[in-house]
1. Are there any pairs with C-beta distances below 9 angstrom linking a residue in the range 50-66 that is at pLDDT 85 or above and open to solvent by less than 40 Å² (accessible area, probe 1.4 Å) to a residue that is assigned to a strand (DSSP E or B) and hydroxyl-bearing (S, T, Y), with the two at least 6 apart or on different chains, and if so which?
2. Can you name the number of the only condition in (1) at pLDDT below 95; (2) open to solvent by 50 Å² or more (accessible area, probe 1.4 Å) that V133 fails?
3. Among the residues of the range 103-118, write down those that are open to solvent by 100 Å² or more (accessible area, probe 1.4 Å) and among the acidic types (D, E).
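The values are calculated or read from the model by the stated rules, or taken from the named source; none is laboratory data. Just so it is clear, the structure is predicted and the values come from calculations on it, not from any experiment. Virtual Cβ from ideal backbone geometry, glycine too; neighbours counted across all protein chains shown. To get the accessible areas, we keep the full protein, side chains included, count just its heavy atoms, and leave off ligands, DNA and RNA. Shrake-Rupley method; radii C 1.70, N 1.55, O 1.52, S 1.80 Å.
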Amino acid sequence: MKIQDPTAFFNLDISRSGLQAQRRRMDAISENIANVHTTRGANGGPFQPLVTTMREGELQQEYFDPEQREGVEILTTHPDHINSTEAGDYPESLHGVQAEIQTQNRKPRMEFDPDHPDADENGYVAYPDINLVEEMTHLIAASRAYEANLTAIQAAKEMAAKALEI
């Protein structure tokens, strides 16, 4: 007996991981923007900028567990979509994405302001090395990527709804 492939909604999980990753990226960027003038961070010195590193996500075991897939025959619309119809041969390259926020150790930007309470003996204040234009550009890019993932989820929902109408 043929049953529908249990990975049919895997695209939603990939888009969900993309949403989470871009949200974390926007959180880091927002924190950088909020602390652009912070001269005393958690380390006692100027705030250290944050950067988000994207990496391949973890394999979704509920989709690729061979014990759960045993006896399942994958239905495809075209033979090139999945190269094999054996349950254990489903491509395991679809992992989604994970975002990790890390602190960058950058040299501070020194500005002359002898009246500032954190000024050194020469009148210079150590500010975080954060470029607002660069951060805003990254924020726009993250926002667009977030919107793209939302669009993919909406398209998948619409396709599923249309399939149920048949």
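1. L50/T103
2. Of (1) at pLDDT below 95; (2) open to solvent by 50 Å² or more (accessible area, probe 1.4 Å), only one is false for V133: (1).
3. D115
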